[in-house]
């Protein structure tokens, strides 16, 4: 009887088959009946306070689960996640944006329906700039094919896509007998073989090869292949800031985070003296490259990404990154003995001094020994992120940060996405006060769903990163009593921390309290900042001064 | 010595000359040196918690002052105000979006600079969809002309514009001796005269003409001209929901809000039986038209907007609305005696009953007698807005609501914009709990600048408007203790209200406390809603059901 498949049934089934179990969003009348369908499905709706929170949560969810979904209403919802979608695009996170929309039957003669901006296709045109594929489902005959095309493109490029669903299409039956299409275009086998042969020859001829493991290894599920490659060849490996934790930072072949002047000096020296740089899924961004203080020689590089493969100065197209990396495993790359490689320094023993004011450096050192294998560290932008460079992330631990696109306000809603994606993980969120004020009240959603992240607010009364570059009252942030937010939300526990011994007490309490979120208001000196940030802002600051070029 | 004018000097001077005194925004490194320039100028920077708040505040500021400015950094800031800019576009509010950006000298060879999405022009392409004019200031020779072109277009259409300022252009000198260009294209005088003659003949021949005064009269500063026209002709006048308060609701010729089934029935009957509808700057939107329950006969209409003028079924172009309306004043339209027109009902006497639970209807009746000539009523979307239809706004009072674009979360940040635009006004903000959770923490900015709006949270535990259409747990909102937010922010006063007598006490206290903001948590029955909303949602609800058309 009930075997007629509708557009929304098909869409929901495909999302499920891609591993999606939760949908982040805020309803609105154009999306209301879709929310009703989702509610009746095997997916769970996670309502956020604001669409921005849903967008960031879906991005974080996608980074853990492989696909994330944000579902919102037309324009007033959709345009609120333009920025979060842009971040997902820039940092390769496969987020599916599903927007309710006026029905196709309501669009005739272009009336001024509420939420309309310029024309009915305004939102579509905006999303064409921010996604790798977009569609308006306005024809039941092609609906399934369109949904497949768009979702497959998200998976191929690990980037966001846009699906607009006019509300009169939600319950329309699709063509019967359609079978989902998943098979991507295969790699060009000739190009693949030539590239593999060339890479093997270069690596085997090299004296000091180094792998720089990038974020795409994580996005494409190639972390085990990376481990196998290191196992086979014993080549040392560095990560970037964006890809930190792509390999356990306790791995014996792991050097540390490479990032020009931002990273450790011994890592920089080792990497830059290599005669064969194997860049696997690495983003050559300004932040990853320490604002271009990094010096990587293209003439010594094998640079593999999901979009192209470059060896020295020539390029191969139409090769899937996973085919190349798995191909390398079979290529008989020689195994070598390498000794005396740099390593992240071992944990420093901590000796808290009663009454001694807390510093950024102390805080991070202490947190470094607090985290365990079930912690996921989520760092917002600013010193929250820069300081984290020197934290040592355990095996199977995750480190998440928008270290390229660098949108403030990611971390708190991201912790929502992460815990929905994997309830075993307890997020440790590092967030500046400026970033917290943008989206931190998504703690409300965290409370609603009884999650238990630990939120560490780096309270230094302003935008600390900017203070170092060019200061003024525009860098000040109003003081909130962050530790009292649990009283507003009727859930969670808040703590104030000014001294080293207070931090000890609080970490003990946080460890024991797992029924709800904890928020730690860490009172820092506004002038205090990490060494990594000092290096970073001294370079960035020079670019802020707006002297014209001659 | 110091007479060299730079690009930023020129831009700041033009904004000042357009009446701008405040800039809303959040800094970021690409915009940092511009913030420094603004800080040293005669404009005041108003830092918000999140860019969304700055966008809404600038929109509200523009509605009061004639131009508003939001200044943000590249992409991570700019794309966060896509939605607020879309609202300004849809509802004709001249907001200037100024975005910092990577320097022209940094863009060579397209490096992966932080905050970049797809390409350096991604943000520009997005804003081309959301504004009436956009520019990237990349040439000092044409910078002044470009700034003029864009600002003049904002004023011509009362819609947002986009100016992208690469950071290496901020301090570049402009061409010396340039004079600002302000003169717009004049109206086509032949078209104007023909249209005026035709309009006069139709109006004078009519038995029962009615003016529907729209929002553009407010945007183009034509409210005094409207009063003069009514004075000359004694034609009765209605407003729309979006334009409510465009004329004092105590004016003897004022009928009330016309909006099909949403407005009062006597207004609907009077307007729809008119033989000559004079629509001045009216938006024919679905909400203004009571979701198309309004019945306006085009064959009896003179429809004047800033973009075109239609008389019955034909159209005139190239006529400025202000020329047409001021022309009408000189056209010798006959003055007529009209009696027995509908009026907003007089204020009902209030008799609070001790211990009696508060209802939406009672709340609004009581607030109706609380507001005075220095109150500006700002209504967010939902019953906050629908209930306000029947409030009587005093002479010189303002009523602001995004009654067409309908983006939730406008009202709290709007109150920030309004009080910066006119410190004499005390905003009364009506906001649902769902909308408050989106942007209400901009109370932080309100506290920081020592403003004193009165925030009334309609706490009904969810999205009430949607509940009436199609309910589910996705319409629930987590309970906050709104009245305790002042404790987080270290400023303001909070109150809880459940009964009629509590409301009396609180309004007295609010009236006396003017040093900071007040937040009133009004506990409503989740099933309670205004009569206007019941009518509205019964129509909207039918459209939510996603039955396909045959």
Examine the range A:368-390 for a residue that is more than 21 Å from residue A:230 (Cβ to Cβ), at pLDDT below 95, touching a strand residue (DSSP E or B) at 6+ places or on another chain (Cβ under 7 Å) and surrounded by fewer than 18 Cβ atoms within 10 Å (Cβ to Cβ), and state whether such a residue exists. yes
Give the range A:422-435 a look and list any residue that's assigned to a helix (DSSP H, G or I) and more than 9 Å from every other protein chain (Cβ to nearest Cβ), or say none. A:433, A:435
Six or more apart or on different chains, Cβ atoms under 8 Å: show the pairs whose first residue is in the range B:16-37 and more than 9 Å from chain A (Cβ to nearest Cβ) and whose second is crowded, with 24+ Cβ neighbours inside 10 Å and assigned to a loop (DSSP other than H, G, I, E, B). B:24/B:48; B:31/B:73; B:31/B:74; B:31/B:77
Subset of the range B:316-326 (residues that are touching a helix residue (DSSP H, G or I) at 6+ places or on another chain (Cβ under 7 Å), under 16 Å from residue B:226 (Cβ atoms) and either surrounded by fewer than 19 Cβ atoms within 10 Å (Cβ to Cβ) or not assigned by TED's automatic domain parsing to the domain that holds residue B:256 (or both)): B:323, B:326
Just checking, which of A:346, A:342 is crowded, with 18+ Cβ neighbours inside 10 Å and either over 19 Å from residue A:92 (Cβ atoms) or not assigned by TED's automatic domain parsing to the domain that holds residue A:198 (or both)? A:342
Can you pull out every residue in the range B:211-250 that is free of Cβ contacts under 8 Å to residues at least 40 places away in the same chain and surrounded by fewer than 23 Cβ atoms within 10 Å (Cβ to Cβ)? B:223, B:224, B:227, B:230, B:231
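If we keep just the residues of the range A:113-144 that are in a loop (DSSP other than H, G, I, E, B), within 27 Å of residue A:156 (Cα to Cα) and free of Cβ contacts under 8 Å to residues at least 24 places away in the same chain, which is nearest to the other protein chains (Cβ to nearest Cβ)?
The qualifying residue nearest to the other protein chains (Cβ to nearest Cβ) is A:121.
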For the range A:384-407, give me the residue count where each residue is under 14 Å from residue A:287 (Cβ atoms) and either assigned to a loop (DSSP other than H, G, I, E, B) or within 14 Å of chain B (Cβ to nearest Cβ) (or both). 9
So how many residues does the range B:408-421 have that are touching a residue at least 40 places away in the same chain (Cβ under 8 Å) and assigned to a loop (DSSP other than H, G, I, E, B)? 2
Restricting attention to the range B:480-510, the residues that are within 8 Å of chain A (Cβ to nearest Cβ) and without any contact (Cβ under 8 Å) to a residue 40 or more places away in the chain number exactly 3
Tell me which helices (runs of 4 or more DSSP H) are completely within the range B:166-285 and hold 3 or more residues being farther than 24 Å from residue B:377 by Cα, more than 22 Å from the chain's Cα centre (by Cα) and at pLDDT 90 or above, or say none if there are none. B:189-205, B:223-233, B:265-272
Could you say whether any residue in the range B:121-128 is buried (at least 20 other Cβ atoms within 10 Å of the Cβ), in the same structural domain as residue B:66 (by TED's automatic domain parsing) and more than 16 Å from residue B:72 (Cβ to Cβ)? no
Residue, farthest from residue A:471 (Cα to Cα), within the range A:517-550, restricted to residues that are modelled with pLDDT of 95 or more and within 13 Å of chain B (Cβ to nearest Cβ): A:517
For the range A:286-304, enumerate the residues that are crowded, with 20+ Cβ neighbours inside 10 Å and either within 14 Å of chain B (Cβ to nearest Cβ) or not in a strand (DSSP E or B) (or both). A:286, A:287, A:288, A:289, A:290, A:291, A:294, A:303
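Considering every residue within the range A:145-155, establish whether at least one is at positive phi and modelled with pLDDT under 95.
Scanning the range A:145-155, I find no residue that is at positive phi and modelled with pLDDT under 95, so the answer is no.
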For residue A:355, which of the numbered conditions (1) modelled with pLDDT under 90; (2) surrounded by fewer than 23 Cβ atoms within 10 Å (Cβ to Cβ); (3) part of a loop (DSSP other than H, G, I, E, B) fails to hold? (1)
Quick one: which residue in B:69, B:81 is more than 10 Å from chain A (Cβ to nearest Cβ) and more than 16 Å from residue B:29 (Cα to Cα)? B:69
Considering only residues of the range A:443-473 that are more than 9 Å from chain B (Cβ to nearest Cβ) and in a helix (DSSP H, G or I), which is modelled with the lowest pLDDT? A:468
As an exercise: evaluate residue B:188 against (1) without any contact (Cβ under 8 Å) to a residue 24 or more places away in the chain; (2) buried (at least 16 other Cβ atoms within 10 Å of the Cβ) and give the number of the one condition it does not meet. (1)
Based on this model, can you work out whether residue A:533 counts as part of a helix (DSSP H, G or I), touching a helix residue (DSSP H, G or I) at 6+ places or on another chain (Cβ under 6 Å) and surrounded by 15 or more Cβ atoms within 10 Å (Cβ to Cβ)? yes
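The values are calculated or read from the model by the stated rules, or taken from the named source; none is laboratory data. Small disclaimer: the values here were computed from a predicted structure and weren't measured. Virtual Cβ from ideal backbone geometry, glycine too; neighbours counted across all protein chains shown.
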